[in-house]
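Take a look at the structure set out below.
Please treat every number below as a calculation from the coordinates, not as lab data. As the structure is a computational prediction, the values presented were derived from the model and not from experiment. Please note: Cβ atoms are built from the backbone with ideal geometry, for glycine as well, and neighbour counts cover all protein chains shown.
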Amino acid sequence: MTRLASATRHPVRFTLNGKPTEGEAEPRLLLTDFLRQHIGATGTHVGCEHGVCGACTVTVDGMLTRACLTLAVQVDGCDVRTVEGLAPAVDRLGILQAAFRRHHALQCGFCTAGILMSLDHFLRHHPTPSESEIRDVIGGHLCRCTGYTPIITAALDAAAELAEQSRGEKADA
Ligand code: FES
Ligand code: FES
């Protein structure tokens with residue numbers, strides 16, 4: 001009888017929301033499970049586990065990434081950002097998060113972490129989005145609760161507030 005060697009764990013050192021972080025992962029461990037179960041960062045949700053629903057969206061080195069299609073060992077040496085990094089402080093929401101709350105853009109919240117990550121990434125690169133651009137961004141995410149309209153409203157409202165904040169910062173510079 002052949003005995004299978006137990007999978008070796010590899011060290012994974014990376015930056016999580018700006019903080020140096022490390023853990024150990026077997027080669028086949030998914031980034032979703034690594035973040036949630038090994039690192040304790042449970043803000044990233046797991047839905048379909050097939051790259052379809054968008055619930056697990058994070059950024060890796062600035063690229064939007066489905067964490068359910070990424071191995072933990074692949075982020076060794078990378079800059080990983082998750083929904084936990086969007087708030088400026090533990091007791092304060094970011095502008096996009098506050099707009100979601102204001103416009104009731106979430107109900108069960110299962111899809112919300114992933115949608116926030118995609119919208120945050122998009123708004124950083126497209127500060128004056130059209131409604132149809134926002135629709136395109138959230139087209140990669142499944143929400144079974146909100147009907148999407150409040151999410152679009154919140155995103156456009158946040159974009160306007162972010163643009164105003166940026167104008168103010170430029171005027172003060
Ligand atoms: Fe990753 Fe659905 S859990 S896309
Ligand atoms: Fe429930 Fe989107 S708020 S799935």
Checklist outcome for this item: The FRET efficiency for GLU49 and ARG102, from their Cβ-Cβ distance with R0 = 45 Å and rounded to 0.05, is 0.90
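If the viscosity is 0.692 mPa s and the temperature 37 °C, what translational diffusion coefficient in µm²/s does Stokes-Einstein give for region 7-47 when Rh comes from Kirkwood over Cα pairs?
Working: Rh = 10.7 Å.
Roughly 307 µm²/s, to the nearest whole number.
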Checklist outcome for this item: The long-range amide H neighbours of VAL12, using H built 1.01 Å from N in the peptide plane and a cut-off of under 5 Å, are GLY23, GLU24, ALA25
Checklist entry - So, in nm, how far is label LEU93 from label GLN74 when the simple model puts each one 7 Å beyond its Cα toward the Cβ? => result 3.2
Checklist entry - Using the Cα gyration tensor of region 42-87, with a ≥ b ≥ c the square roots of its eigenvalues, what is the shape: rounded (a/c below 1.5), prolate (a/b larger than b/c) or oblate (neither)? => result oblate
Checklist entry - Using 7 Å Cα-to-Cβ label points, what is the HIS38/SER132 separation (nm, one decimal)? => result 4.4
Checklist entry - Can you list the trypsin sites (Lys or Arg not before Pro) in region 1-82 that are in a DSSP coil and have 16 or fewer other beta carbons within 10 angstrom? => result ARG3, ARG9, ARG28
Checklist outcome for this item: Tilt, helix 112-125 to longest principal axis of the chain (alpha-carbon atoms), in degrees rounded to tens, equals 60
Checklist entry - Any idea what angle helix 149-172 forms with the longest principal axis of the chain, computed on alpha-carbon atoms, 0 to 90 degrees, nearest 10? => result 70
Checklist entry - Taking N as the number of residues in region 33-154, what is its alpha-carbon radius of gyration divided by 2.2 N^0.38 Å? => result 1.01
Item to check | Separation between Cα centres of region 31-110 and region 116-173, rounded to whole Å | outcome: 17
Checklist outcome for this item: Any residue on another chain or 5+ positions along whose placed amide H is under 5 Å from the amide H of CYS145 is listed here as none
